[in-house]
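The numbers here are math on the coordinates, done by the rules we state, and not lab data. Worth saying up front: this structure is predicted, and the values here are computed from it rather than measured. No Cβ is skipped: glycine too gets one built from the backbone with ideal geometry, and neighbour counts run over all protein chains shown.
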Amino acid sequence: MNLSRRILPGKLLLPAAALAQQRAPRGPHGGPVVTADGHPIELILSGTTLTLFVSEENGRPMSSARASGRVTVQAGGQTATVTLAPAEPNRLVGTLAAPLAAGARVVFTGTLSDGHRVTARYVVE
């Protein structure tokens with residue numbers, strides 16, 4: 001078999017591997033930001049407190065008064081669900097059973113104040 005035929009598939013995978021290792025963009029509070037249905041949503045973890053900062057499509061803080069949602073957390077072979085409560089001006093807050101370690105997966109599903117139903121996925125770094 002030609003050497004270039006054996007090397008080429010590996011070269012094609014390199015860009016995908018590099019993309020997978022890139023860090024998510026950071027928000028104004030230092031957490032990873034995922035854009036869901038045009039809305040930037042920033043995840044902040046502090047001990048057992050999980051906070052999502054929700055923004056309008058233009059990046060301005062969005063009222064969380066009528067927002068609702070939950071996060072599903074997968075960590076250490078366990079899955080847990082945490083209900084989030086709105087906290088003005090633009091936060092959804094929940095309490096975890098324990099702090100999350102690197103590699104934990106967090107999936108937010110909810111409805112924002114403007115009625116948009118969104119899903120945002122994070123991997124804790």
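Overview of results
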read-out	value
Peptides 83-91, 67-75 ordered by average Cβ neighbours within 10 Å, highest first	67-75, 83-91
Whole-Hz ³J(HN,Hα) from phi, Karplus 6.51 cos²θ - 1.76 cosθ + 1.60, for region 30-45, glycine and proline x	x, x, x, 10, 10, 9, 10, 6, x, 9, x, 10, 9, 9, 10, 10
Gyration tensor (alpha-carbon) shape descriptor, region 80-125, a/c threshold 1.5	prolate
Net charge of neighbours whose Cβ lies under 12 Å from the Cβ of I44, counting Lys and Arg as +1 and Asp and Glu as -1	+1
Amide H contacts of L96 (H built 1.01 Å from N, under 5 Å, at least 5 apart or other chain)	T49, L50
Sequence-distant residues sharing a close amide H with A87 (under 5 Å, placed H)	L92, V93
